[in-house]
């Protein structure tokens, strides 16, 4: 019982101490952001050419919800190596009315229809916009293979959300152009403010005119940080080989329906051109024209020969009957003969019923199954003029899909979507990371679309983060193979001079080299004495021979 009486006050004291520590932690106005695995780096040379063993440390400081006008005392960042003091830095006091300008740049390509991505992006964008600090104005760029809509930064979030909720996914992806446009808009709208572009995409860029380095250069020049979010899995970037079997029969002369004014053959030119424009650099395509007979297959060409591909498409003239089945069969044989590595597919488009083929549907399906080549069938024009049942059967039996395009716009959209779907097999993380790192932003992977909401909350916090990078000469300039432990401490120094550590983080670098043991000089003397004895010992033990 006496032990229990002594134990209860002890628990009470411990509880008070823990509560006090929690209270102190919750009161701290700053958050120290530091990743030990990535934010400590060894340098062998400084930018000014000085050589030696240097350490580069990156960290961020975020205002952690405290009111600026109530900050008391001084806040410091103390840098240490192996527990030894290196330097101390003042944490700048933020301004309560510090203004920011942000551009939300959202991918609205056709692939965003998949896996509920567009809906989740809308929900996440709503959270992001509402979580931005009060003095932050925000603009919007919606893009697919081109810039679809741009809204300059404003304080009212309503118009931005209305645009996002109204947009429908379509087309390819040009996020490099969109990011560059975001920087340009901020150049004109965000003078004297902290500025950032937040880029959200689910695919690789197949359509931009700008280069990655142009975006980085513009962002650096305007001091705009770019934060990138990659939705989905990283791409495998395997080769893609397709054959386009294109109907140019006489029925392709009139428009697709009463609302269209463009002849179907010209609509096909535009749609097929969009397909080859949206190919990746790993894509190759052959074109097989057909009408009454199947034309000679064009050689496989990649995106480097884009102009040649476009010219080949524009030569198609409307004339003759329709030999769809023969064309699909020939396309499979062309892929088989080429025997390429990577993905293979046949895309066959017609505006009517097959009336000229020698091959039967069953033969085409059997050949496609043997070759493991999926067939994508496109019916163009009025539904009652098409044999949709047969085309759907051919597609579904071979692992492909049937699409109906009622007019020119629908045909272009389907060709864009197929090109993006076949060539865009995931995000290009290396590009997104590179843009973010070089501009002072950050990359956020969102492998599961359900994570978007949480990730955009993290982005909101991160864009308010003040980033720092410090390089210093290591206290130990020997390449002795030893690990250097680098410590960061967030310190509060009160008005009366009392000091407390609010946060502490540790990283390290591991040097290559020979590990040399350090010993007391006395040990060396003992060892030398031992060596002397060993040298003298044979002489002491030797005896002269007796006569």
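The values are calculated or read from the model by the stated rules, or taken from the named source; none is laboratory data. Keep in mind it's a predicted model, so treat the numbers as computed, not measured. Please note: Cβ atoms are built from the backbone with ideal geometry, for glycine as well, and neighbour counts cover all protein chains shown.
The figures follow:
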quantity	calculated
Count - residues of region 391-433 that are part of a helix (DSSP H, G or I) and in contact with a strand residue (DSSP E or B) (Cβ under 9 Å, 6 or more places away or on another chain)	24
Any hit, region 254-263, residues being closer than 29 Å to residue 353 by Cα, touching a residue at least 12 places away in the same chain (Cβ under 8 Å) and either within 27 Å of the chain's Cα centre (by Cα) or not in a loop (DSSP other than H, G, I, E, B) (or both)	yes
Residue 247 vs. criteria closer than 30 Å to residue 371 by Cβ and in contact with a helix residue (DSSP H, G or I) (Cβ under 8 Å, 6 or more places away or on another chain)	yes
Any hit, region 351-362, residues being closer than 23 Å to residue 381 by Cα, surrounded by 14 or more Cβ atoms within 10 Å (Cβ to Cβ) and touching a strand residue (DSSP E or B) at 6+ places or on another chain (Cβ under 8 Å)	yes
Residue check, residue 476 modelled with pLDDT of 80 or more, not assigned by TED's automatic domain parsing to the domain that holds residue 113 and not in a strand (DSSP E or B)	yes
Selection within region 182-205 - under 28 Å from residue 115 (Cα atoms) and in contact with a strand residue (DSSP E or B) (Cβ under 9 Å, 6 or more places away or on another chain)	182, 197, 198, 199, 200, 201, 202, 203, 204
Region 164-181, subset in contact with a strand residue (DSSP E or B) (Cβ under 8 Å, 6 or more places away or on another chain) and in a loop (DSSP other than H, G, I, E, B), residue farthest from residue 432 (Cα to Cα)	167
One residue from 462, 420 being surrounded by 16 or more Cβ atoms within 10 Å (Cβ to Cβ), farther than 27 Å from residue 133 by Cα and modelled with pLDDT under 95	420
Some residue of region 482-492 being surrounded by 19 or more Cβ atoms within 10 Å (Cβ to Cβ), at pLDDT 90 or above and in a loop (DSSP other than H, G, I, E, B)	no
Candidate set: region 184-220, residues that are at pLDDT 90 or above, more than 16 Å from the chain's Cα centre (by Cα) and in a loop (DSSP other than H, G, I, E, B); chosen: the one surrounded by the fewest Cβ atoms within 10 Å (Cβ to Cβ)	209
Residue 324 surrounded by 17 or more Cβ atoms within 10 Å (Cβ to Cβ), outside the structural domain of residue 146 (by TED's automatic domain parsing), closer than 22 Å to residue 275 by Cβ and at pLDDT below 95	no
Contacts under 7 angstrom Cβ, first residue in region 102-128 being over 16 Å from residue 230 (Cα atoms), partner surrounded by fewer than 19 Cβ atoms within 10 Å (Cβ to Cβ) and modelled with pLDDT of 95 or more, 6 or more apart	126/161
Residues satisfying the stated conditions in region 129-152, i.e. at pLDDT below 95 and crowded, with 24+ Cβ neighbours inside 10 Å	144
Hits in region 471-500 - residues which are touching a residue at least 24 places away in the same chain (Cβ under 8 Å) and at positive phi	481
Count - residues of region 221-253 that are under 19 Å from the mean Cα position of the chain (by Cα) and not in a strand (DSSP E or B)	6
Residue in region 502-518 that is modelled with the lowest pLDDT, counting only those that are surrounded by 10 or more Cβ atoms within 10 Å (Cβ to Cβ) and part of a loop (DSSP other than H, G, I, E, B)	516
Hey, residue 176 closer than 17 Å to residue 111 by Cβ, touching a helix residue (DSSP H, G or I) at 6+ places or on another chain (Cβ under 9 Å) and at pLDDT 95 or above or not	yes
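Matching residues to (1) under 20 Å from residue 91 (Cβ atoms); (2) modelled with pLDDT of 90 or more:
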position: 17; (1), (2): no, no
position: 20; (1), (2): no, no
position: 30; (1), (2): yes, no
position: 48; (1), (2): no, no
position: 52; (1), (2): no, yes
position: 56; (1), (2): yes, yes
